[in-house]
Ligand code: CA
């Protein structure tokens, strides 16, 4: 009798425990489902390292962009994977060094050429997140191929509001070409109507404001599903155009070119403020990661940007080329801090895929890593031991390993070495002092280089129009 009672009690305890366990697992997975974070990437175009408040600019106040850095992480060593627009974006959107798949030049605007753009073999962030229920929108500049097969909607985004080419005019009255597929020419692509998914539409306002307002309305309408929003401002890329509303803030800047540039940055900053306000108003702030970065360094002569202490700018393998303003926030999870280890735009795919629990293609290993465990202090040390650039045209390389940076030029006949922790401006070549380090970094370079392929398409610099422009510039000099 006693034994039977004990048996019954044991059975009750066992099933009760099992029930609780199942129940707990059930509620945890529900919680995990509800808690999938949202992702917003705000990318400026050709913004200088020194042109945001959080990197020290007093000439151009950016109180809203600074909010991200103040509420979250300010990265002092944030990089993109290339120093011009299109390849940098190919790296960001795939999480892989774009030279692995031959994307090493700024693309030509060719709606008739399916090979002029992101190869179909590569997976994009919205494609990966789409597998686990994310809705994705890109607003603004695409620049990853003008052929229909590479339209954002055909590369994983659920909606699009923007332009296919590498830049755009900002005033609605200058957008005179309705059909984005009716020509093959980069400068003409700056004048197309804006596309809403596949439909050309006429806009009424200054382009940067249109993009900001569209981002606000997307956040308003997308609350049931987790989302990925890529706000890809073409500002402050040329042409330098702005309205009195923003220009009037910069009467203290006398140079008209710099003044217009500052006003364009200010318009982006207003947009960032609207986006952050909307997240707060909708109660989404705590569980949304917001990244802010530029796609490459500022081309100081072209748009009057300022890379601060960094050497050179857009297009360069020195720090001004691809060290960029970089900040992020995730208020529900991360405490504010300054983070000095190098991070890369390549890390965004890995971070998002991990947090969303989205499967990745095994045959396409990422070069980026999930940076959140590092920011939470769960993983120590640097997320990247080494970061690389190769510029096939011109035969340039850079290798950043720890604080050391190798630069090679002219078929490796010129090799320079810098210590970035002491020499952010890359002024003191220490190659002769550390010959062993030079050899070590150069062997890392060669090993990485062996994993890459040659470019698979010709670039903007190979078009007749640009060759002629270069010749004219030479004549003038
Ligand atoms: Ca750019």
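Structure notes:
- Of all residue pairs spaced 6 or more apart or on separate chains, none has beta-carbon atoms under 6 Å together with a first member in segment 288-299 that is closer than 23 Å to residue 425 by Cα and free of Cβ contacts under 8 Å to residues at least 12 places away in the same chain and a second member that is in a loop (DSSP other than H, G, I, E, B) and more than 9 Å from the ligand (Cβ to nearest atom).
- Residue count for segment 316-333 satisfying the condition of being surrounded by 21 or more Cβ atoms within 10 Å (Cβ to Cβ) and either modelled with pLDDT under 95 or part of a loop (DSSP other than H, G, I, E, B) (or both): 6.
- Filter pass, residue 452 being in a loop (DSSP other than H, G, I, E, B), at pLDDT 80 or above and within 22 Å of residue 184 (Cα to Cα): no
- Qualifying strands (runs of 3 or more DSSP E) (wholly inside segment 125-197; at least 3 residues being within 16 Å of the ligand (Cβ to nearest atom) and touching a residue at least 24 places away in the same chain (Cβ under 8 Å)): 135-141
- Elements of type strands (runs of 3 or more DSSP E) in segment 356-439, at least 1 residues being over 25 Å from the mean Cα position of the chain (by Cα) and touching a residue at least 24 places away in the same chain (Cβ under 8 Å): 404-409, 414-419
- Residues satisfying the stated conditions in segment 73-115, i.e. assigned to a loop (DSSP other than H, G, I, E, B), within 16 Å of the ligand (Cβ to nearest atom) and closer than 26 Å to residue 331 by Cα: 80
- Any hit, segment 320-333, residues being out of contact with any strand residue (DSSP E or B) (no Cβ under 9 Å at 6 or more places or on another chain) and more than 27 Å from residue 90 (Cα to Cα): no
- Residue list for segment 257-305, restricted to those being within 16 Å of the ligand (Cβ to nearest atom), in a loop (DSSP other than H, G, I, E, B) and more than 18 Å from the chain's Cα centre (by Cα): 304, 305
- Any hit, segment 229-239, residues being in a helix (DSSP H, G or I), surrounded by 15 or more Cβ atoms within 10 Å (Cβ to Cβ) and in contact (Cβ under 8 Å) with a residue 12 or more places away in the chain: no
- Count of residues meeting criterion [closer than 9 Å to residue 178 by Cα and touching a helix residue (DSSP H, G or I) at 6+ places or on another chain (Cβ under 9 Å)] in segment 196-207: 1
- You will find that of 336, 373, 365, the residue that is loosely packed, with under 15 Cβ neighbours inside 10 Å, over 23 Å from residue 40 (Cβ atoms) and more than 16 Å from the ligand (Cβ to nearest atom) is 365 and no other.
Quick grid of which residues meet (1) more than 13 Å from the chain's Cα centre (by Cα); (2) touching a residue at least 60 places away in the same chain (Cβ under 8 Å); (3) surrounded by 24 or more Cβ atoms within 10 Å (Cβ to Cβ):
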residue: 35; (1), (2), (3): yes, yes, no
residue: 39; (1), (2), (3): no, yes, yes
residue: 52; (1), (2), (3): yes, yes, yes
residue: 58; (1), (2), (3): yes, no, no
residue: 74; (1), (2), (3): yes, yes, no
residue: 81; (1), (2), (3): no, yes, yes
residue: 99; (1), (2), (3): yes, yes, yes
residue: 107; (1), (2), (3): yes, yes, yes
residue: 119; (1), (2), (3): yes, yes, no
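The values are calculated or read from the model by the stated rules, or taken from the named source; none is laboratory data. The model shown is predicted, which means the values in this text are computed figures rather than measured ones. No Cβ is skipped: glycine too gets one built from the backbone with ideal geometry, and neighbour counts run over all protein chains shown.
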